[in-house]
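Below is one structure, written out as structure tokens; comments come after it.
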Amino acid sequence: MTPLDKQQPGPSDLLEDAIRISRLTGQLLKDRLLTDFSVDHKGELDLVTEMDRAAQDLIRKEVHLKYPHHGILAEEDLDIKGSQGFWWIVDPLDGTTNYAHRFPVFSISIAVAHEQDVLCGVVYNPVSEELFSAVRGQGASLNALPIRVSSTQQLDDSLLGTGFPYNIRHTAETNLDHFSNFALRTQGIRRCGSAALDLCFVASGRLDGFWELNLQPWDIAAGALIIREAGGVTTDFEGRELKMDGSKVLASNGRIHREMVEVLKTSV
Ligand code: IPD
Ligand code: CA
Ligand code: CA
């Protein structure tokens, strides 16, 4: 930001609003979890519920009430260009398949960026009431207490997370090859169903690493910042700078990163 932007909100103000909005949205999603909401298909396996859209509408309304000139990029066909360089990158419900099956693991992911710089991010799990957050350069926290990645030194001792693409029935890149390879090299692999939460589990040391193909900016913008602020590393599968498009995401505590890159290079 330039000195001309004195009246622009700072990262901490933005974080405060992102937290407030994610809590409001979380309450809505939690209240409606066991009710009779409608479920549609975006693709063969790719579901969207009435609640994905209701959550996104609530977030859009709240962001624009306070910041009418900010852009919003959100999963359910929402791409509003702002006029001040700020944009909110939003997954209103990360874990839709879980939600549609009433499996209570899902989150709201909100990051706020200025141009290409992600300034702050929040991932909120309303069921466990765990709120992960970070401001760039100021560390990461879980329910306001600082978090750090794990100190696991080698893949052999690690617990990893991953996910599978919605087009798994129609692509050669199923991730099943990597899954088999890692299954033989680690203490275990978890598939929680919310990539944003997976990233936060790496940030808080519950997982030592995570990899997934075909993610989107709204899945990773907040979680990747939270991992980096917790001392972890995010790259693509080759260990190069992570692309915000999320096509190949590798995240870890840093210590096992090189070993993960090596495993991702091998095919079954
Ligand atoms: C999905 C979840 C899931 C991951 C998928 C994502 P959605 O997001 O993050 O864990 O494996 O690739 O698309 O559709 O529930 O918002
Ligand atoms: Ca998602
Ligand atoms: Ca979603």
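The values are calculated or read from the model by the stated rules, or taken from the named source; none is laboratory data. Just so it is clear, the model here is predicted, and its values are computed rather than measured. Here Cβ is always computed from backbone atoms with ideal geometry, including for glycine, and neighbour counts include all displayed protein chains. Calculation scope for accessible area: heavy atoms of the full protein, side chains included, ligands and nucleic acids excluded. Shrake-Rupley method; radii C 1.70, N 1.55, O 1.52, S 1.80 Å.
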In whole percent, what relative contact order does the chain give with Cα contacts below 8 Å and a gap of six or more residues? 17
Value of [θ]222 nm, deg cm²/dmol, for the chain, DSSP H segments ≥ 4, -39500 (n - 2.57) each, nearest 500: -9500 deg cm²/dmol
Rounded to 10°, Cα long-axis angle of helix 217-229 versus longest principal axis of the chain: 80
Answer in debye to the nearest 20: the dipole magnitude of the chain about its Cα centre, from +1 Lys/Arg and -1 Asp/Glu charges placed on Cβ, is 460
I need the shape label for segment 204-262. Rule: rounded when a/c is under 1.5, else prolate if a/b > b/c, else oblate, with a, b, c from the alpha carbon gyration tensor. oblate
Per residue, how much accessible surface does the chain expose to a 1.4 Å probe? Answer in Å², no decimals. 46
Phi angles of segment 121-127, converted by Karplus (6.51 cos²θ - 1.76 cosθ + 1.60, θ = phi - 60°) into ³J(HN,Hα) in whole Hz with x for Gly and Pro, give x, 9, 10, 10, 9, x, 6
Based on Cβ point charges of +1 for Lys and Arg and -1 for Asp and Glu, what charge dipole magnitude is obtained for segment 155-266 about its Cα centre, in debye rounded to the nearest 20? 120
With a Förster radius of 45 Å, plug the Cβ-Cβ distance of THR171 and ILE80 into 1/(1 + (r/R0)^6) and report the FRET value to the nearest 0.05. 0.90
What is the magnitude of the charge dipole of segment 64-147 about its Cα centre, with +1 placed on the Cβ of each Lys and Arg, -1 on the Cβ of each Asp and Glu, and no other charges, expressed in debye to the nearest 20? 220
Under a point spin-label approximation (7 Å from Cα along Cα-to-Cβ), what is the HIS64-LYS42 distance to one decimal in nm? 2.0
Take the cross-link list LYS42/LYS265; LYS30/LYS61; LYS61/LYS248; LYS81/LYS265; LYS42/LYS66; LYS30/LYS66 and give me the ones stretching past 29 Å between alpha-carbons. LYS42/LYS265; LYS61/LYS248; LYS81/LYS265; LYS42/LYS66
Listed peptides 67-78, 30-41, 52-63 by packing density, highest first (mean Cβ within 10 Å): 52-63, 67-78, 30-41
Taking amide H atoms as placed 1.01 Å from N in the peptide plane, list the residues 5 or more away in sequence, or in a different chain, whose amide H sits under 5 Å from that of LEU207. VAL202
Only bridges whose two residues both fall in the chain count here: according to DSSP, what percent of them are antiparallel, nearest 5? 80
Roughly what angle does helix 50-66 make with the longest principal axis of the chain, taking Cα atoms, 0 to 90 degrees, to the nearest 10? 50
So how tilted is helix 11-32 from the main axis of the chain? Cα-based, degrees 0 to 90, rounded to 10. 80
